[in-house]
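I'd like to ask some things about the structure below.
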Amino acid sequence: MSLPDLTLRPRRLRNSATLRRMVRETTLSVNDLIYPLFVDESISESMDVGSMPGVSRLPLSGVGDAVREVAALGIPGVILFGIPSEKDAIGSEAWNDEGIVQRAIREAKAASPETCVIADSCFCEYTDHGHCGVLHGEDVDNDATLANLQKEAVSYARAGVDIIAPSGMMDGMIGAIRSALDDAGFSNTPIMSYAVKYASGYFGPFRDAADSSPSFGDRASYQMDPANAREALKEAAIDIAEGADILMVKPALAYLDIVAAVKQATDVPMAVYNVSGEYAMVKAAAEKGWIDEKRVVMETMLSFKRAGADLILTYHAKDVARWLNDE
Ligand code: PBG
Ligand code: ZN
C-alpha cells in the first residue's frame, strides 16, 4: 500500500504553541468589546434578568459603579438601554431631557469620562404597545417616527452621549438623525446604525430585560426577513449614503455570512451584536455542564472577528475581558 505524496504537511505549523501563536491570523482584543447596560427608572436595587444569567437591570444609582467596573477591565464602551417608569403611545419619555437614559448618560460620563457611552435609540421600551415607533392602525408609521427619532437623538446628544445607535429599522433614520444632530450643533457625534437587523427569535430574552415585547403582532414589517442576504447589502449602502459612521449586523452568530458580505462591500467599521438569545443558549448549556463556557465564548468571539467584525456588542464582555487580561 503506497502513501500519498506528503511534501505538503500543514501540521508542521501546528507543532508548538509558539508556532501556532506566530501564524495566528485573527486576534481578539478587549478594545473590540462593548458592554450593554439596562437602566430601569422604577427600581432602587439591581434586579436579575431571569433569562440572562449574570445580567441585571440597574437602578440609576448603580450606573456609575457599573461603568467604572467596565472601564477597569479595559472595555472601551457601553451601550445603554432605558426602561422608563412611564410609557405612552408615542414613547415621549425617550426625548425627555430628564429621562432615564439621559440621566444615565450623565452618570456614566461623570463616573468614567473616557468610556465611550453609546445610547440605543428606539421606542420599543418607551411605547405602551412595545413597537419601535408611532402606530398608524396596526403598523408603525415610518415618517412620523423619524421626527421622534430626531428629538430623541438630540436629547441624548445634549446629555453628553458619545455615539447614537438607532435600532428601529425605520427607512431614512440615519439621514434624519444626522441632519437633526448637525442642526443642533452635534456634527461630531457619530452614528452607529443597526443597519442590518433581522426579525429574530434570538431577541427573546432581551425583551424581558428591556420590557419591550410588542403587545400585538411582531416586528416583521420593519426588521429584515432572515431569508434575505442581498437586502443586507442594500440596507448597508443606504445607511452609509445617509451618513452612518459605523454599521451593525444583528444578530451575529446565525448571520456570519451577512457579516462577511457587508464587510466586503463597505469601508466603515463594522459592529456585530451577539444578542440575548445567543447569550442565553451558552449560559444555559454551561450551567448544565454540557459545554465549556470559556472555550465556547472565546471561539464565538473569534468567529465574529474572522467574519470581519471590528466591534462586538456582547453580554459576555466582562468575562471575555477578564479571560483576555489573564492570558
Ligand atoms: C430595540 C432593540 C432590541 C435589541 C436591541 N435593541 C430588541 C428588538 O428589536 O426587539 C435586541 C438585543 C438583544 O437581543 O440582545 N429595538
Ligand atoms: Zn425597538
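Values in this text are rule-based calculations from the coordinates and carry no lab data. Note that the coordinates shown come from a computational prediction; the quantities given were computed from them, not determined experimentally. Here Cβ is always computed from backbone atoms with ideal geometry, including for glycine, and neighbour counts include all displayed protein chains.
Among 145, 266, 18, whose mean-square fluctuation peaks in a Gaussian network model of the chain (Cα, cutoff 10 Å)?
For the chain, modelled as a Gaussian network with Cα springs under 10 Å, the answer is 18.
Take the Cα radius of gyration of segment 193-248 and divide it by 2.2 N^0.38 Å, with N its residue count; two decimals is plenty.
So segment 193-248 has a normalised radius of gyration of 1.27.
For every other residue with a beta carbon closer than 12 angstrom to the beta carbon of residue 236, add +1 if it is Lys or Arg and -1 if Asp or Glu, then tell me the sum.
Summing Lys/Arg as +1 and Asp/Glu as -1 gives -1.
Find the lysine pairs in segment 27-326 meeting two conditions, Cα atoms under 17 Å apart and a separation of 8 or more places or different chains, and report how many there are.
Pairs that pass both the separation and distance tests number 13.
Using the Kirkwood radius built from alpha carbon pairs, what does the Stokes-Einstein equation give as D for segment 53-116 at 10 °C and 1.306 mPa s, in µm² per second?
D = 126 µm²/s.
Counting only helical runs of four or more DSSP H residues, what would the 222 nm mean residue ellipticity of the chain come to if each run contributes -39,500 (n - 2.57) and the total is spread over all its residues?
Values: 11 runs with 123 residues, N = 327.
After summing the helix terms and dividing by residue count, I get -11500 deg cm²/dmol.
Under a point spin-label approximation (7 Å from Cα along Cα-to-Cβ), what is the residue 12-residue 326 distance to one decimal in nm?
3.6
Are there trypsin sites (Lys or Arg not before Pro) in segment 5-70 that DSSP marks as loop and that have at most 15 other Cβ atoms within 10 Å, and which are they?
When the trypsin sites (Lys or Arg not before Pro) of segment 5-70 are filtered for loop state and at most 15 Cβ neighbours within 10 Å, 24 remain.
Return an integer: the convex hull volume of the alpha-carbon atoms of segment 27-326, in Å³ per residue.
Once divided by residue count, the hull of segment 27-326 is 121 Å³.
Still on this structure, please answer the following. I need the peptides 173-180, 28-35 ranked by packing, meaning the mean over residues of other C-beta atoms within 10 angstrom, with the highest value on top.
Working: 173-180: 22.1, 28-35: 19.1.
Taking the mean over residues of other Cβ atoms within 10 Å, the ranking is 173-180, 28-35.
Evaluate E = 1/(1 + (r/R0)^6) for residue 179 and residue 216, where r is the Cβ-Cβ distance and R0 equals 41 Å; express this FRET efficiency to the nearest 0.05. Don't skip to the end; give the middle numbers.
Working: r = 33 Å, r/R0 = 0.79.
After rounding, the FRET efficiency stands at 0.80.
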